[in-house]
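The values are calculated or read from the model by the stated rules, or taken from the named source; none is laboratory data. If you're wondering where the values come from, they're calculated on a predicted model, not measured in any experiment. A quick note on method: Cβ atoms are made from the backbone with ideal geometry, for glycine too, and the neighbour counts reach across all protein chains shown.
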Amino acid sequence: MELMFKDGLLKGKRILVTGGGTGLGEVMAEAYAQLGAAVYICGRRASVLEETAKRIADATGSSVQGIACDIRVAEAVEDMVAQIWSDGGALTGLVNNAAGNFISRTKDLSPRGFNAIADIVFRGSFYVTLACGKRWIESGDKASVVSILTTWIWNGGPFTVPSAMSKAGLNIMTKSLATEWGPHGIRLNAIAPGPFPTKGAWERLSPQSASRGESGGNIPMGRVGDMPELANLAVFLMADGCDYLTGQTIAIDGAMHLASGGNFASLSKLSDADWERIRGEIRSANEKDKAQRAV
Ligand code: HXC
Ligand code: NAP
């Protein structure tokens, strides 16, 4: 990957990327490994993690380990983090990237549907942050946490309400803990990406090409994001040299949310039949992924 940083920038760093087996997590994991960090990736699909870890390790020569872990389960998170610490010492960085999402009219959601997203994003990200944070505080190690949010933390996420509520919670976690854990040398920042096309997101937010300008129509910069652009920002926040930067959420969206909201407001025009079709499409994507889960 073409990055803006010098080789070896992250030598000695040890970074966990949740949901690092696919999509944006995979891109960030590769960038960290390329710059010399030892990287851990987790997710629920062991085969996906194994394949990604091998691909990145082969491409970069760095240590990349996949650990199957469902971050919705606090005990499983504790086991994973203990395993990482005993593998080679404290992490220096954590990326809260794992997430679930699908578009739906809010009136069509069941409590289980809400929890399917909130348990991953809101609760799961907190469990991982807590398991790492208490160890850093205990040992006095400095660390950087980066959470991957969305721009709808600022203006709301119609048709993605469980995600918007959960990501907004992580935004305030970032600010709260930047203050509470600042005295321990622990920084927390967040990235709010605009559209960076990935299989996982696009399968579940399918009418996006029509509504959010996949081709760049309603993005002032006229295009969607390039993966190395996101990777550069994610590296910057993990590197030494920005130790005074904490508690910030940085949008990287070509000014989309400023110009046109950057959310799914335009889906108000969809009919009942459209929603029926969309739900079916999302369900079949979910079923395919589920079949690969070990946990
Ligand atoms: C309404 C739905 C639904 C839909 C699922 N549910 N899909 N409700 N509309 N389209 C409901 C189900 O009916 C069920 O409730 C409940 O949710 C749980 O469904 P499961 O299939 O059992 O869920 P689970 O196995 O826990 O899977 C979680 C998931 C799935 C979130 C639903 O999509 C997943 O694992 N996703 C991970 C990957 C992912 O989402 N990536 C995209 C991230 S993109 P009932 O009551 O019927 O039992 C992102 C932001 C991108 O976060 C921003 C772009 C700009
Ligand atoms: P993705 O490829 O579907 O990534 C989501 C990852 O999270 C998957 O690897 C998934 O792996 C993992 N995951 C889900 N539930 C988990 C659980 N319970 N425990 C552990 N891991 C879990 O989608 P993406 O587009 O790359 O999204 C990555 C992040 O970017 C998300 O936080 C998303 O909200 C954010 N984002 C993306 C965009 C975009 O345009 N793509 C825009 C804004 C924000 P398993 O299914 O194997 O568990």
request  = Among the numbered conditions (1) out of contact with any Asp or Glu (no Cβ under 6 Å at 6 or more places or on another chain); (2) within 16 Å of ligand 1 (Cβ to nearest atom), tell me where residue 78 comes up short.
outcome  = (2)
Where residue 101 falls short, out of the listed (1) surrounded by 20 or more Cβ atoms within 10 Å (Cβ to Cβ); (2) under 30 Å from residue 183 (Cα atoms); (3) not basic (Lys, Arg) = (2)
query = helices (runs of 4 or more DSSP H) wholly in the range 199-295 with at least 2 residues that are among the β-branched types (Val, Ile, Thr) and at pLDDT 90 or above - which ones?
reply = 272-290
Every residue from the range 91-123 that is assigned to a loop (DSSP other than H, G, I, E, B) and more than 21 Å from the chain's Cα centre (by Cα) = 105, 109, 110
message = Of everything in the range 100-142, what is of a type in the set (Gly, Ala, Ser) and away from ligand 2 (no atom under 11 Å from the Cβ)? Give them in sequence order.
response = 104, 110, 113, 118, 131, 133, 139, 140
message = Where the second residue is in a loop (DSSP other than H, G, I, E, B) and among the charged types (D, E, K, R) and the first is closer than 26 Å to residue 222 by Cβ and within 10 Å of ligand 1 (Cβ to nearest atom) and lies in the range 256-278, which pairs have Cβ atoms under 7 Å and are six or more apart or on separate chains?
response = 262/253
request  = Among what's in the range 144-155 and is part of a loop (DSSP other than H, G, I, E, B) and of a type outside the set (A, V, I, L, M, F, W, C), pick the residue that is surrounded by the most Cβ atoms within 10 Å (Cβ to Cβ).
outcome  = 150
task = Select from the range 51-99 the residues that are away from ligand 2 (no atom under 14 Å from the Cβ) and of a type in the set (A, V, I, L, M, F, W, C) and write down the one among them that is nearest to residue 146 (Cα to Cα).
result = 91
ask   = Only one residue in 8, 66, 25 is of a type outside the set (A, V, I, L, M, F, W, C) and part of a loop (DSSP other than H, G, I, E, B), so which one is that?
value = 8
remark   = Only unsatisfied item for residue 141, checking (1) touching a Gly at 6+ places or on another chain (Cβ under 8 Å); (2) surrounded by fewer than 16 Cβ atoms within 10 Å (Cβ to Cβ); (3) of a type outside the set (A, V, I, L, M, F, W, C), is (2)
Output for the range 155-176, where each listed residue is away from ligand 2 (no atom under 12 Å from the Cβ) and touching a residue at least 12 places away in the same chain (Cβ under 8 Å) = 155, 156, 158, 159, 161, 165, 168, 169, 171, 173, 174, 175
